Every structure is written in C-alpha cells, then in structure tokens.
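What follows is a single structure, written as structure tokens, with notes after it.
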Amino acid sequence: MGKLFSKENREVFSSPINLNNPVAVQVLGICSALAVTSQLMPAIVMGLSVTVITAFSNLIISLIRNTIPNRIRIIVQLVVVAALVTIVSMILKAFAYDVSVQLSVYVGLIITNCILMGRLEAFAMMNGPWESFLDGIGNGLGYAMVLVIVGAVREFLGNGSLLGFQIIPDGFYEMGYMNNGMMTMPAMALILLGCFIWAQRAINDPDKKKK
Amino acid sequence: MNALRKYLDKIKPNFEEGGKLHAFRSVFDGFETFLFVPNTTSKCGVNVHDAIDSKRIMSFVVIALIPALLFGMYNIGYQNALAAGKLAETGFWEMFGYGFLAVLPKILVSYIVGLGIEFIVAQWKNEEIHEGYLVTGMLVPLIVPVGCPLWVIAIACAFAVIFAKEIFGGTGMNIFNVALITRAFLFFAYPTVMSGDTCWVATESICGLGYNLPDAFTMATPLGEAATGAAITTSMWDQFVGLIPGSIGETSVIAIGIGAIILLWTGVASWKTMISVFVGGAVMGLIFSNFGPEGNAVAAMPWYQHIILGGFCFGAVFMATDPVTSARTETGKYYYGFLIGAMAVIIRVLNPGYPEGMMLAILLMNVFAPLIDYIVVQNNIDKRAKRAIKK
C-alpha cells in the first residue's frame, strides 16, 4: 500500500492538476474547452468523460505496451481510445441524453483530443499500469478543472444561472441588469481561458521559483 | 496661465520619489503634460521631433469631434420631442439641454472608467500615462445609442481598455481601434441596447426637460428600416442634416464634415484614407444598386444614401483614419480605405442581421492593415530590385 501512494506517484497525480496543467500550461485540448463550456453541466460531463477515457486508455496501453510493435503503435492507441470513446458516448446517450445532445459531436471528438494521445505517447508507453492510471486521472481532472471554472463563469455571466438554476434574482433584471451575450460565444471563452492562464502563471511564477 | 504653471511647480515635489503623494505620480505627470508641453528634451542620440507632441494631436481630434457631439445632443432632444409630437412647442435650448443631460453622464463614465484603468496601469508599471484614451473616451459616447445604460458602457470601456489596449502594450501598440472594440463588445454582449428599434430615442424626461414616452415606444434607424424591408420614413434632407435616430454622434453629415475639415487642415488625419473609404462605399453601392440581388431594400438604395446613412461618415472620418490601427504606407492607405468602404456596404447589403457594417468593416481591415503594408513595401523592394538588375 505504501508503495502505491509513494511520493513519486502522488507527484504523477497532482502535477497535471496545477503545475503541469494540460490546458493552462501545455495549452492542449483548447478546441473542446472553447466549444463545450457555454454552460456548466456539459463542461462537467465533458471533463468527467475525458478523465475516464484518459485514465483507462492509459491503463490499457500501459498493460500491453510491451507487445505493441513500434511502427503501428499510433493505430493501436487509436483503436483503444476509439473503443473507450464509443462506450462513454453510449453510456451518456443512455443515462444523460439531454447533456449528450448538448455535447453533440464533441463526445465523439474526444478521440482527437491532444491530451489523450499526448499522455499515451509521453507517459503510458514507458510507465507501469498504476502510474499510468494515476497520470490519466490527474490529467483528466486538470482538464476538467479548467472546463468547470470557465463553464461556471460563462453560465453565470451569460445566463445568470448555474447548472440550469437561476442564481441572479429577478429583482436585478427588473432594475435593468442584463445577461452578457458575449459570454455565450466561443470568442469570450478564449479570452476567459487566457485570463485563467494569466492568473495561473502569475501564481506559479516560474521565474520566481528559480530564484 | 502663469499662475497655473507656478502652482504646478509648487506642488510638484510632493509627487516625486519620496514625496508624500508619490502614489499619484502618474496622475500628476499626466495632467502636467496635458496642460503644458513638456520642456524636457531627449538626452542621447539625434532625434527629429514634430512641432506638436501626441497629446496635442489628440486634443485636435477631440476638438474635431465637438461639432458632432453638440449636434448629437440637439438631435436627442429633437427626436424625443418629435416622438412626443410636441416639436412645435419645444424651444431649441430645451431640446439641447435635454440632450446635454442625456449625453453628459455617458462622457463622464467613459472617461472615469477608461482613464482610471490607464492611471492604475501607468502607476503599477511605473510608466508615463498614455494619452490615447483622450480620444477614445470621447469617441465611445458618440458611437452608442442614447438608450445604452451607463453600467453597460462602464463594463465595455473596461473590457476594451484592458483587452484591446493594455495587454498589447498600451497606446500605439493596439491592433484594433479601442473605441470600436468597446462598441463591438456592447453590440455582441448586449444586443438589445445597441440595435433593434427600442434604443435610439430617449424615452424619459430628465430634470423636467424632455417628455416621457410610453415604454413600448419603438423607432428604428433608417438602415434598420431598410434591413427589415420597410420603407425609409425620413426625408433625404433630414438624413443629410442628421435629424434621424441613430448613435449619438453619427447622424449629421454636416457636423462630421466640419470635424473632417479640422482634421485635414491640421494634418492630423490622412486625406488618402478618408477619400478612399468614400470611394469604396460609393463603388460598392453603385454595384449593388445596379446588379444587386432582387428584392433587397438595402441593395436598392442609391450609392449616396449608403454614405449619408448610419455610421459611414463618422467611421470614415474618425475611425478609419486612426494612425495606430490604419495602414501606414502611403499607397497602403488607398487600399485600406477602399476595402473598408466596400466591406461596410457588403455587410449592410448581404447580412440582414447587421444593418450597419461600418464597425465590423473597420475592425476587419484593422487586422489586414499590417498585411497591406507588407505587400506595399515588398512590391516596392521588388520593383527597385528589378530596376537595378536591368541596368
């Protein structure tokens, strides 16, 4: 048990959430982060789906990594990811139909998410199953965290609600408050993401750490 | 004047390093250089200075904006009285006073928010205050409809100053015209107060001036009417003078013309850009009115009406000629202006969702201005290289 949660393993799990965040630091998976974050609910579901798929594809690839011929490894990885994406997409259709309609093609497009292939190539191909699994969960959660923050800000300012429940009281609207239509557009998501990256880097200022 | 100079000199030590008001150094510096041309010269190298510095240039633009501003104030009162049906019994000063009270808060909000951010950033980065907001702050109230609430203007100004200017490095570094980014933000974020038919006429009386209109009062701009296929209700003369509903400063061709003369006479704006915007709009208008799509009321408008209506003149005179965001090569200015004019008419005619295309056309060409400059410069290099090889 002690070995399972050693310091290195905890590092593997926690670094992608903050210091090596796939969206904020590596700037991967931006396309889907802009497309699905207009509301909080799809952002959460998308984040969880990516977490599950990254974790299990990392695990599976790591288990069979020694049997994959090097020249066709990308194809093998794609097959594994595609299978997992299909499973997740079917589960969503069965149990959360409304959200899966909102997410539309973006569930299927998880297969092209750079974070997935990046983790498979960079981590799962050369590490054991347990580390790979942790790495997948960490990266997925790092991605999900950014999505949830951006999604919450956009839904709150764009629709005045969170998870579909109205937060801003009617009295505000009567006094002349208006929802910001710009927040529902992907352009504003990019600006918000930029602000998030700005804040994140200001907090973990790499120059300050070196000194 | 001397007394002011003496007073400034007296309080100056307070703001220098170690003084008790050092935190407001940038504010003091900004006001001092605005009131008096600084008498310091650069200490190293050989420099060629223009006779007037950029704060003085900005002041000329603000002066050029004043006719449009004053006419806009009058027009607000006029539209309000016209809508109430009491035009005959309302005096000139009553209408003007009403408009003045309607516009003044917008000007104040725009300057306080924008300059506030500029001051904070200048203090924080330990730099001088940039003068760019002097013009932007005056442009912003002129390009919004009178029905636009103040808090919305405040948010839009803050957004534009931070995201269109400061993150690019401040005045002179921005890719986009800051005032137009303010308008674009308003246009996309709060479409109900920026377009449609409820925001163009002031509907409440202020301090006893003006008239209360029913809540459901609607009045579209001539371009808005044309875009929905309705007949334009105002006469051509009114459209030319500017007695039509529209954004505060954009309606009167005459007032904008006076501003254009001031800008051209002082040499602040480029006549090349200005003329070519009008040529571009006219050519595109001619093409559409002769070969345009059938049954499109905007396409059927004669070319001169395209130029008179909406923000075309205002954009051509005050926005397209912005020296920071327009093309900088002399030949490039022709292409830049022509494409703005043509693009504005294309957007008006072909996209019924946007009755006014000037804002989007200028922002679009802002993006392409560096490319135009690059092509012009490369062309020149190629031409001269060929000439050299032939010999």
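The values are calculated or read from the model by the stated rules, or taken from the named source; none is laboratory data. Keep in mind it's a predicted model, so treat the numbers as computed, not measured. Please note: Cβ atoms are built from the backbone with ideal geometry, for glycine as well, and neighbour counts cover all protein chains shown.
Points worth noting:
- B:Gly267 meets the conditions (1) in contact (Cβ under 8 Å) with a residue 40 or more places away in the chain; (2) surrounded by fewer than 24 Cβ atoms within 10 Å (Cβ to Cβ); (3) part of a loop (DSSP other than H, G, I, E, B); (4) not basic (Lys, Arg) in every case but one. The failed one is (1).
- Residue tally, condition within 26 Å of B:Trp200 (Cα to Cα) and surrounded by 12 or more Cβ atoms within 10 Å (Cβ to Cβ), over segment B:349-391: 15
- Within segment B:293-320, residues that are under 25 Å from B:Arg183 (Cβ atoms) reach partners that are surrounded by 24 or more Cβ atoms within 10 Å (Cβ to Cβ) and aromatic (Phe, Trp, Tyr) with beta carbons closer than 9 Å, at six or more positions or on different chains, in the pairs B:His306/B:Phe312; B:Ala320/B:Tyr336.
- When restricted to residues that are crowded, with 17+ Cβ neighbours inside 10 Å and more than 9 Å from chain A (Cβ to nearest Cβ), segment B:142-153 contains 8.
- Among the residues making up segment A:114-131, those that are surrounded by fewer than 23 Cβ atoms within 10 Å (Cβ to Cβ), closer than 20 Å to A:Gly29 by Cβ and small (Gly, Ala, Ser) are A:Gly118, A:Ala122.
- Set B:Met284, B:Met343, B:Met274: member being closer than 29 Å to B:Asp53 by Cα and not in a loop (DSSP other than H, G, I, E, B): B:Met274
- Any hit, segment B:90-107, residues being away from chain A (no Cβ under 14 Å), at pLDDT 85 or above and over 23 Å from B:Glu204 (Cα atoms): no
- Restricting segment A:162-188 to residues that are within 13 Å of chain B (Cβ to nearest Cβ) and of a type in the set (Gly, Ala, Ser), the residue that is nearest to A:Asn21 (Cα to Cα): A:Ala187
- Screening B:Glu131, B:Glu118 for residues that are of a type in the set (D, E, K, R), buried (at least 19 other Cβ atoms within 10 Å of the Cβ), more than 14 Å from chain A (Cβ to nearest Cβ) and under 18 Å from the mean Cα position of the chain (by Cα) leaves exactly one candidate, B:Glu131.
- Residues in segment B:166-213 that are away from every other protein chain (no Cβ under 14 Å) and in a helix (DSSP H, G or I): B:Val178, B:Ala179, B:Leu180.
- Against the numbered list (1) touching a residue at least 24 places away in the same chain (Cβ under 8 Å); (2) part of a helix (DSSP H, G or I); (3) over 22 Å from B:Pro191 (Cα atoms), B:Gly116 comes up short only at (1).
- Just one residue in the set A:Ile137, A:Ile191 is under 25 Å from the mean Cα position of the chain (by Cα) and within 14 Å of chain B (Cβ to nearest Cβ); that residue is A:Ile191.
- Residue match in segment B:239-249 (condition: under 30 Å from B:Trp151 (Cβ atoms), within 14 Å of chain A (Cβ to nearest Cβ) and either surrounded by fewer than 21 Cβ atoms within 10 Å (Cβ to Cβ) or modelled with pLDDT under 85 (or both)): no
- Annotation note: of A:Leu63, A:Leu103, the sole residue that is among the hydrophobic types (A, V, I, L, M, F, W, C) and within 18 Å of A:Phe133 (Cα to Cα) is A:Leu63.
- The residue that is farthest from A:Asn159 (Cα to Cα), counting only those in segment A:26-48 that are in a loop (DSSP other than H, G, I, E, B) and under 13 Å from the mean Cα position of the chain (by Cα), is A:Gln26.
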